[in-house]
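Report on the following structure.
The values are calculated or read from the model by the stated rules, or taken from the named source; none is laboratory data. Since we're looking at a predicted model, the values are computed, not measured. Virtual Cβ from ideal backbone geometry, glycine too; neighbours counted across all protein chains shown. These accessible areas exclude ligands, DNA and RNA; they are computed on the full protein's heavy atoms, side chains included. Shrake-Rupley method; radii C 1.70, N 1.55, O 1.52, S 1.80 Å.
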Amino acid sequence: MTKTVLSLLIIFFANLYSVYSQNLISGKVVDKTDNQPLAGAIVQFQSNSASTVTGKQGYFELQKPKSEDVLLIKYLGYNARTIKVNPNTFNLGVIEMTRSSTSLDEVLVSASPTNFKTTFKGSNFRINPITLKNMNPISTEEILKIVPGVNIVGDMGLSNRPNISIRGSWGRRSKKVLLMEDGTPSAPAPYIAPGAYYNPVSDRLTAIEVYKGADMLRFGPNNMYGAVNYITALPPQKPKLRVKLVGGQRNYQTGLLSYGGTWNNLGALVEGVYKKFGGFTDNSSVEILNLNAKIFSKLSDKQSLYFKVSGQYEDNQASLSSQTPFTFETDPTENPLDADQFTMRRYGLDIIHKWLPKSNLSFTSKIYASDFERDWWRQITTKVKAEQVRDYVGEQIFNDRYAYLKGKTFNEEDYLIVGRILNGRESTTDSRWTYTVSGFKETMNYDWEVFGEGQHLEASINLHREIFKDRFLVADNSRWARSGRTTKDLWYRLWSANGFIRNEFNIGRWGFTPILRVEHVNMYRQDLFAVAQNPSLSSTEEGKEPNIYTQFLPGLTADYSIKNGEFYGSIYQGMIAPSKVFGFLVEQNGIVTNPLARQSINIEPELAWNREIGWRGNLWNNRIDGQLTYFNNTSRNFYAGGRNEVFEDLGRINVQGLEVALGAELLNKNQHKLRLFGNINIMKSEVLDGRLVDKDLFSQVIHSRATQNEYIEKVNSNRDAFEVYVADGPSGEVLLTDETIDQSDFQNITKSVINFGDDGLSDVEAPYTPGWNTSVGLNYNYKNLSAGISGHFVSEQYTEFHNFDNESADGAIGKLPAYHSIDAFVNYNFSIGEKLKMLAFINGKNITDEIYRASRLNRATSGIFGGGFRQIIFGVDIKI
């Protein structure tokens with residue numbers, strides 16, 4: 001009886017849906033250029049108010065008209081389409097929309113599941129809006145870790161200061177990666193101080209693109225390894241109010257409020273994001289407020305205007321110091337440094353105007369500017385044996401911040417990082433940086449033909465200016481002091497004229513794209529603190545140390561189109577601009593020194609010839625899509641290799657590897673969809689040449705017995721490769737010439753110098769270049785339900801050029817063990833009435849809670865940074 005009733009109900013609802021569906025008209029809206037679906041396009045009839053918007057894959061359904069009517073389709077940045085329909089029309093199939101000649105890349109976001117951008121020549125990886133919505137990342141590093149070729153050097157938190165490595169670049173503060181927001185460099189000072197002390201909050205993003213091929217030369221300055229372009233939300237097609245509320249463990253809170261829409265030829269969006277998080281460790285809370293607005297207007301058939309303004313504010317208990325092996329193994333959430341505080345504010349402005357004097361010729365003018373200021377108050381720290389902490393800090397501090405040590409037993413190599421006590425008090429210092437950046441960029445695009453084949457010419461010139469003030473303050477009276485005496489006051493200024501020219505030559509299935517970039521830089525440094533000590537100072541020009549250089553960067557990409565894809569290969573020379581770290585040195589015959597009086601600074605950029613070959617496209621009737629790339633990069637003029645690791649004889653490093661990114665549709669039937677993705681990076685690095693000094697290894701690092709023995713073994717097994725210096729008198733040092741060294745020598749070592757190459761060490765890996773980096777996931781969709789699970793695996797990796805396998809007692813050096821993490825999500829879409837759309841979601845980050853050693857980012861200063869903390873978040877995304 002029950003089965004009969006159930007069968008009748010199924011038949012009833014099936015017939016009801018059949019009748020309902022007969023009154024629907026459907027279709028799919030895509031971009032004509034690359035067939036990528038357009039999510040959010042407005043679809044409406046001209047004769048009545050019936051309308052809808054396309055879903056995340058570009059599909060739509062709408063009640064059929066009772067008589068002949070005209071269907072109007074609109075999407076910001078595209079030419080409107082009109083299609084005649086009648087009551088007998090059921091499926092319109094694929095509807096192609098052409099980009100308006102006045103459209104800008106800054107307002108176009110594709111919803112395609114394809115993991116690459118077809119208009120970028122060479123390898124690249126694209127994270128689409130669907131992936132971002134499913135993952136609900138609490139940080140940009142969380143999402144970028146799945147990109148082949150990317151390695152995240154973790155330091156916990158919300159990646160407010162991301163540490164991104166691409167194809168073997170040094171990852172600290174992403175200094176050797178070009179970060180952009182909507183195509184504009186976002187680092188506080190891209191040339192002089194490229195460290196990423198600003199990063200857009202992940203909730204603002206609708207897509208992320210990672211560039212790695214020869215087309216990188218369209219961007220600068222730091223284009224040697226790769227670039228990350230964060231793409232923020234564009235104005236919606238219909239006026240829409242959006243409210244997103246998220247909560248989670250450790251007092252994680254996010255609130256997003258936005259309103260925007262498109263009215264005729266004007267699109268506008270105003271957005272605010274507030275984020276708060278208690279942190280994964282004690283005393284690591286953060287609050288962020290971001291406010292931004294953007295306007296896009298099609299002024300006429302030949303002109304458009306884009307305007308964006310933003311402000312971000314942050315108050316963060318951020319610390320450079322972290323944990324020793326003892327602390328990490330005892331309790332990886334412990335952090336006693338309660339007075340560390342990082343505050344910042346940043347304002348940004350972009351104005352873009354596009355003009356088409358002819359249908360095949362356009363000029364795009366961009367004005368950009370940013371103003372950034374930060375204060376980072378950090379307690380002065382020291383390292384103390386665990387058994388001596390109570391006596392060193394005193395009973396009050398011990399009971400307040402180190403009580404977890406009560407009842408513990410300690411061994412000889414157990415250490416803690418604690419606040420330094422001097423005259424009975426803890427003290428603090430401030431690194432106070434201010435930056436002002438502005439620029440003007442003009443880009444010409446010209447379409448032309450030869451022998452019946454379309455060609456494309458692009459040329460650009462950019463005038464860029466930076467001002468950076470670096471001050472250091474010391475406060476001796478209290479760790480809570482927020483003012484102190486100035487001990488450093490450096491002033492940097494930079495002017496740059498740069499640009500490129502490229503042409504896409506198309507000959508049948510072949511494409512050839514040569515590109516040439518030119519960088520001319522004029523910068524200087526002035527030590528205002530030192531200059532002020534001169535009583536006979538006669539002008540403000542005294543003490544300026546200039547560095548002027550010009551660099552040509554050529555490149556070439558070749559591609560060959562095949563059915564549903566293409567093969568490609570490229571070669572180009574990329575550069576890392578001389579920054580404040582190594583931009584004011586003298587190089588003679590490959591040897592780098594600080595400049596002597598009146599000696600000309602002549603250090604040149606770090607350079608690399610980068611080669612790659614690969615395939616991208618679709619297979620098996622579009623059920624499999626992806627890309628595969630082999631790359632081989634050899635850098636030279638290599639100076640800054642890590643924190644306090646420098647090549648006094650400039651180094652050469654080779655990094656090569658294989659990047660694979662594939663997606664497969666396993667099921668697509670009766671609204672059930674199952675998709676598998678796998679991203680793999682295999683990488684090998686080798687230091688080919690150079691002479692490296694590790695300034696921390698014997699002045700700051702507290703060695704364990706294991707690292708002492710390992711160093712002695714390294715030296716004795718290849719004595720010619722090491723220059724070992726030992727103490728000679730109160731402040732001197734002398735080169736140790738003994739054929740072998742032992743424990744008695746080790747205690748007196750002051751400096752270690754490594755020689756690489758034919759007469760030195762070989763098979764040495766660069767830091768943070770794991771051999772394997774893999775992400776695999778499975779996503780399921782059924783009607784309004786989405787769910788998925790993914791895993792991420794990173795193999796073991798060295799953290800310094802000495803390639804220590806063992807870990808020091810303070811955690812500053814040593815190989816990082818392999819680690820993995822597992823994430824999962826569930827999303828459900830539903831509607832309340834006709835206008836209120838809601839998405840409810842829950843995400844589990846690192847659900848196995850397997851905490852691992854993520855990095856030794858600041859080496860002797862920090863020790864170990866942990867990762868893998870479980871974090872559950874949940875929330876709703878409401879659109880009205």
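Here are the numbers:
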quantity	calculated
At q = 0.18, 0.20 Å⁻¹, base-10 log of I(q)/I(0) for region 249-331 (Debye sum, equal scatterers on each alpha carbon)	-0.84, -0.93
Where region 552-644 is the region considered: accessible area per residue in Å², 1.4 Å probe	45
For region 787-880, the fraction of alpha-carbon pairs in successive 5 Å shells from zero, as %	3, 12, 17, 14, 12, 10, 9, 7, 6, 4, 3, 2, 1
Virtual spin-label span in nm between ILE83 and LEU245, 7 Å along Cα→Cβ	3.9
DSSP-assigned coil residues among trypsin sites (Lys or Arg not before Pro) in region 700-805, each with at most 16 further Cβ atoms within 10 Å	LYS783
Residues GLN253 and THR540, FRET efficiency given R0 of 51 Å [Cβ-Cβ distance, rounded to 0.05]	0.60
Nearest-0.05 FRET efficiency for ALA532 and ASP738, computed from C-beta distance (R0 51 Å)	0.60
Rg ratio (alpha-carbon, reference 2.2 N^0.38 Å) - region 697-856	1.66
Additional length obtainable on full extension of the chain from THR98 to ASN716, 0.36 nm per residue less Cα span	215.7 nm
Stokes-Einstein D for region 774-818, Kirkwood Rh over Cα pairs, 4 °C, 1.567 mPa s (µm²/s)	96
Alpha-carbon centroid distance for the pair region 140-183 / region 592-643, whole angstrom	15
Radius of gyration and Dmax over the Cα atoms of region 655-747, both given in Å	24.9, 82
Two-site label geometry, ASN622 and ASN503: point separation in nm, points 7 Å out along Cα→Cβ	3.5
Net length gained if the chain between ILE789 and GLU665 were fully extended (0.36 nm per residue, minus Cα distance)	43.1 nm
Rg to Rh quotient for region 383-529, alpha carbon positions, Kirkwood Rh	1.35
Cross-link table LYS308/LYS366; LYS121/LYS684; LYS64/LYS240; LYS117/LYS563; LYS74/LYS441; LYS145/LYS879, entries beyond 22 Å C-alpha to C-alpha	LYS121/LYS684; LYS64/LYS240; LYS74/LYS441; LYS145/LYS879
Amide proton proximity set for LEU299, modelled H, under 5 Å, gap of 5+	SER304, LEU305
In degrees, nearest ten, helix 2-21 long axis to first principal axis of the chain (Cα)	80
Accessible surface of region 481-574, 1.4 Å probe, proportion on carbon and sulfur as whole %	62
Coordinate range along principal axes, alpha carbons of region 94-193, Å, largest first	47, 32, 24
Region 432-447 - phi-based ³J(HN,Hα) in whole Hz, Karplus 6.51/-1.76/1.60, Gly and Pro as x	10, 10, 10, 9, 9, 10, 8, x, 9, 10, 10, 10, 10, 10, 9, 9
Centre separation in Å (Cα based) which lies between region 201-223 and region 77-98	34
Relative pair counts by distance (%), Cα atoms of region 222-266, 5 Å bins	5, 14, 15, 14, 13, 13, 12, 12, 2
Qualifying GluC sites (Glu not before Pro) in region 539-589, DSSP loop, other Cβ atoms within 10 Å at most 12	GLU541, GLU542
Cα centroid separation, region 435-504 to region 692-728 (Å)	39
THR119 paired with SER51, simple spin-label distance in nm, labels 7 Å along Cα-to-beta-carbon	2.6
Folded to 0 to 90 degrees: helix 705-717 orientation relative to the chain principal axis, Cα	80
Value in Å of the Kirkwood radius, where region 57-145 supplies the Cα pairs that are averaged	16.3
Scattering curve values for region 430-513, log₁₀ I(q)/I(0), Debye with Cα scatterers, q = 0.18, 0.19, 0.26 Å⁻¹	-0.84, -0.88, -1.14
Among 58-71, 568-581, the order from most to least packed when residues are scored by Cβ within 10 Å on average	568-581, 58-71
From phi via Karplus (6.51, -1.76, 1.60), per-residue ³J(HN,Hα) for region 52-69 in Hz, x at Gly/Pro	7, 10, 5, x, 5, 10, x, 7, 8, 9, 8, 4, 5, x, 7, 9, 4, 8
Of all DSSP beta bridges in the chain, antiparallel share, percent nearest 5	95
Length gained when the stretch PHE567-LYS408 is fully extended (0.36 nm per residue, less Cα-Cα span)	51.1 nm
ARG432 - accessible surface, heavy atoms, 1.4 Å probe, Å² rounded to 10	60
Largest to smallest accessible area among LEU857, LEU650, LEU257 [probe 1.4 Å]	LEU257, LEU650, LEU857
Accessible heavy-atom area order of LEU836, LEU516, LEU205, highest first, probe of 1.4 Å	LEU516, LEU836, LEU205
Portion, in percent, of the accessible area of region 783-842 that falls on carbon or sulfur, probe 1.4 Å	60
For region 324-411, alpha-carbon Rg over 2.2 N^0.38 Å	2.19
Amide H within-cut-off set for ASP414, under 5 Å, with H built and near neighbours excluded	ALA386
Cα-based Rg and Dmax for region 542-663, where Dmax is the largest Cα-Cα distance (Å)	20.2, 69
Distance histogram for the chain (every C-alpha pair counted, 20 angstrom bins, percent rounded to whole numbers)	13, 45, 31, 9, 1, 0
